[in-house]
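Derivation of every value follows stated rules applied to the coordinates shown; laboratory data play no part. The model shown is predicted, which means the values in this text are computed figures rather than measured ones. We place every Cβ from the backbone using ideal geometry, glycine too, and count neighbours over all the protein chains shown.
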């Protein structure tokens, strides 16, 4: 068995561009930037930014185009695909893309937690829910005030 699975967390480099295929299926395309930092042999911090072409289809494309904007963080799950075509000048052109299976909004300005909405391939045909509008502390985790005894855990 072969695996083609991608997980990315980064910021949009441009607003999603929504289009329709001849079949009527919606498709959205946008860019995503991911960062990597490390220390070199001398101990100096190094950074590298990678730019990705993202494609999403169906109801997810409509949701992405409506709610995702340039600069907003997003977590993506999908697969790598490379397309090729013949250009007008006769040369062969290639484009490597990440085709999205699911995505989740990252934190947005004015909110502490995650976006509160998750889109996946399993709910493409259903009506997508509106993102949650938390009136409280966003996605903060509230821990119990009392100590938990490991012997009280049933598993």
Inset, instruction - Take 55, 6 and order them by how many other Cβ atoms sit within 10 Å, fewest up front. - result: 6, 55
Inset, instruction - Between residue 46 and residue 95, with labels modelled 7 Å along Cα→Cβ, what's the label distance in nm to one decimal, could you check? - result: 3.2
Legend entry - Exposure proxy ranking, count of Cβ atoms within 10 Å, fewest first, for 59, 69, 5, 41: 41, 5, 69, 59
Inset, instruction - Calculate, in nm to one decimal, what residue 70 and residue 20 gain on full extension: separation in residues at 0.36 nm each, minus their alpha carbon distance. - result: 15.9 nm
Legend entry - Whole-angstrom gap from segment 1-33 to segment 42-83, using each part's C-alpha centre: 7
